Amino acid sequence: MKLLHRSIKSSNHSIPDMRALLAFFFSCSFLLIQAQEVKLTVSDSVAEVNQRRLKLLSYTLGGGYVLSMSGLYFAWYKDYPQSSFHFHNDNKDWLQMDKVGHSVTAYQVGRYGYDAFRWAGMPEKKAVWIGGSLGFVFLFTVEVFDGFSAEWGASPGDLIANTAGTSLFIGQQLLWKEQRISLKFSYHKTSYRQYNPDLLGTNTLESIVKDYNGQTYWLAVNPKSFLPESSKFPSWLDLAIGYNAEAMVGGINPADFNPVPQFNPRRVWLFSPDINLRKIPTKNKTLKLVFTALSFIKVPLPAIAYDKQDHFQFHWFYF
């Protein structure tokens, strides 16, 4: 039963993280649209325009934070026993897929937060530190909720992963004033959810946020950013390393919980080219907005995969 509780804890814990990410993307969508509509100019009105934007952003983020965290508490924690704050070590669960997911979420929320504060006219360094830290703040609140829940507990591994994702964004922005290394997400449907739909999702929408077997997290490097300006290497072409795990029906597959004993949970490593949507040259405001909004997704392209069971495999189209 202890192993089963760990599995349940890990699964439930992953859902609020994705909800925080989606809530933040939704909150920023209006701001990104406005950013395409209004061009800042050097005039006396700039300060006024920026103040309005900053107030709008503050109210949107503040209200969104309160509403999303309140909704999260009443939806996921209110009916469970409470306790004094404590920690729970779940670092062995899900072959660390949830930890990588935390880093990606913290990174991407920080990146969109930075975009929003720069749109509001905030100076570069302040936007980096304040906007770039939003992912950590959102996810830290989830850890606090977990820490006061008797059945779960705050995860030291999650906190480290949150810090890593936030640091990757802030560090690059301070060092290079751009993101040469990005963390991204992709998903493909798997057959594993049928064996444990409560944890892995009863439909495709649920499985996108619950089935780690179908999730892949990517570290994409932009070679052009490291080459001389005279290089003709396409600025929109990235090279990506992916991490996935397969054959998991629980955080830890206990024998009495696994309906198919031959399942062999394993790590999968991938290599694939990627398209950096933020660097595609276009003057079309709508396309630019769409590319920015979808830039957290790894574009489906050919990939080479490796795991200890199947060794090397080539996919013409991996997502």
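The values are calculated or read from the model by the stated rules, or taken from the named source; none is laboratory data. Everything numeric here is computed off the predicted structure, so don't read it as measured data. Heads up, the Cβs are rebuilt from the backbone with ideal geometry, glycines too, and the neighbour counts pull from every protein chain shown.
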Report summary line: Scanning region 150-166 residue by residue, those buried (at least 17 other Cβ atoms within 10 Å of the Cβ) and at pLDDT below 90 turn out to be W152
**Report entry** D146 vs. criteria at pLDDT below 95, among the charged types (D, E, K, R) and surrounded by fewer than 17 Cβ atoms within 10 Å (Cβ to Cβ)
**Finding:** no
Query raised in the report: Given (1) of a type in the set (A, V, I, L, M); (2) touching a Gly at 6+ places or on another chain (Cβ under 7 Å); (3) more than 22 Å from K224 (Cα to Cα), where does I170 come up short, assuming only one miss?
Result: (3)
Report summary line: Within region 71-101, residues being outside any loop (DSSP other than H, G, I, E, B) and hydroxyl-bearing (S, T, Y) number 2
Report task. Hand me the list of helices (runs of 4 or more DSSP H) wholly inside region 124-204 holding 1 or more residues that are in contact (Cβ under 8 Å) with a residue 60 or more places away in the chain and farther than 29 Å from L237 by Cβ. Result -> 134-147, 156-176, 197-200
Query raised in the report: How many of the residues in region 73-84 are surrounded by 13 or more Cβ atoms within 10 Å (Cβ to Cβ) and either among the basic types (K, R) or modelled with pLDDT of 90 or more (or both)?
Result: 1
Query - In region 59-72, residue farthest from I130 (Cα to Cα) [restricted to those that are of a type outside the set (V, I, T) and surrounded by fewer than 15 Cβ atoms within 10 Å (Cβ to Cβ)] - result: G71
